[in-house]
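Below is one structure, written out as structure tokens; the observations come after it.
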């Protein structure tokens, strides 16, 4: 009976975690570039049953074994990507294909993201809502007119330049935008191994491998789309199915625990 209670507890715990992950996916259905998390389970190691008076045969008897229940084996992001939505905003970026943008966090460390909803801070840097700066390689940074910033599919950055000491549009050095830098992309051997830290940011881990730098449009890297945002890669119908499955499995585990408890109480009363 105690083993049945223990097995039921593992089912309750595992399917509660499944419901937690499903709720997290549903809560982020409108989060920019969010990828739904997928849960996998595994059975716990078996235990030998200490049965007596096994039948004697000419061969070694097969020892009866009993399972120990279930546990959560992993939570990984889906490989699916969200659809691109046109916004028309020059500071919105999306990656069509593989790759990640690198940002510099306020503490100076690097993180990676596919969420390209940037804005300008007081210094003229493209930053996330929490102040992480997009890692751009720019020339003539002090003379760039941010309103003319153009990031092309291959990552080349073009902009108009101000004359030194002037902020008047008619005093631009260039009548047409000139190349002022490049936006590089990064990818990983196993992107599903990236560690999510919140705020749409990801960190490399031993499972993901180190970041590999590349140019947009090259093999293994997607192209950059300015004025677009990537939507959340959440399949609502699939998440509702997982919600129902998790509820039913949780109820079944609870009923098993209740039945084992009733049988245990009955056994104790019989012995008494």
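The values are calculated or read from the model by the stated rules, or taken from the named source; none is laboratory data. Keep in mind it's a predicted model, so treat the numbers as computed, not measured. Note: ideal-geometry Cβ built from the backbone for every residue, glycine included; neighbour counts use all protein chains shown.
I'm told residue 6 meets every condition in (1) under 22 Å from residue 198 (Cα atoms); (2) outside any loop (DSSP other than H, G, I, E, B); (3) modelled with pLDDT under 95 except one. Can you identify the failing condition by its number?
(1)
Is it the case that the range 192-208 has a residue that's over 18 Å from the mean Cα position of the chain (by Cα) and closer than 19 Å to residue 39 by Cβ?
no
Answer yes or no: is there a residue in the range 209-224 that is out of contact with any strand residue (DSSP E or B) (no Cβ under 8 Å at 6 or more places or on another chain) and farther than 27 Å from residue 150 by Cα.
Yes; the residues of the range 209-224 include at least one that is out of contact with any strand residue (DSSP E or B) (no Cβ under 8 Å at 6 or more places or on another chain) and farther than 27 Å from residue 150 by Cα.
Look through the range 112-125, keep the residues that are in contact with a strand residue (DSSP E or B) (Cβ under 6 Å, 6 or more places away or on another chain) and modelled with pLDDT under 90, and return whichever of them is surrounded by the most Cβ atoms within 10 Å (Cβ to Cβ).
Filtering first and then ranking leaves 125.
From the set of residues in the range 132-159 that are farther than 18 Å from residue 227 by Cα, in contact with a strand residue (DSSP E or B) (Cβ under 9 Å, 6 or more places away or on another chain) and at pLDDT below 90, which is surrounded by the most Cβ atoms within 10 Å (Cβ to Cβ)?
144
For the range 179-236, give me every one of the strands (runs of 3 or more DSSP E) that falls completely inside it and has 3 or more residues that are touching a residue at least 40 places away in the same chain (Cβ under 8 Å) and closer than 21 Å to residue 137 by Cβ.
185-187, 223-226
Can you give me the number of residues within the range 38-54 that are under 20 Å from residue 15 (Cβ atoms) and either in a strand (DSSP E or B) or at pLDDT 90 or above (or both)?
Looking only at that region, the number is 6.
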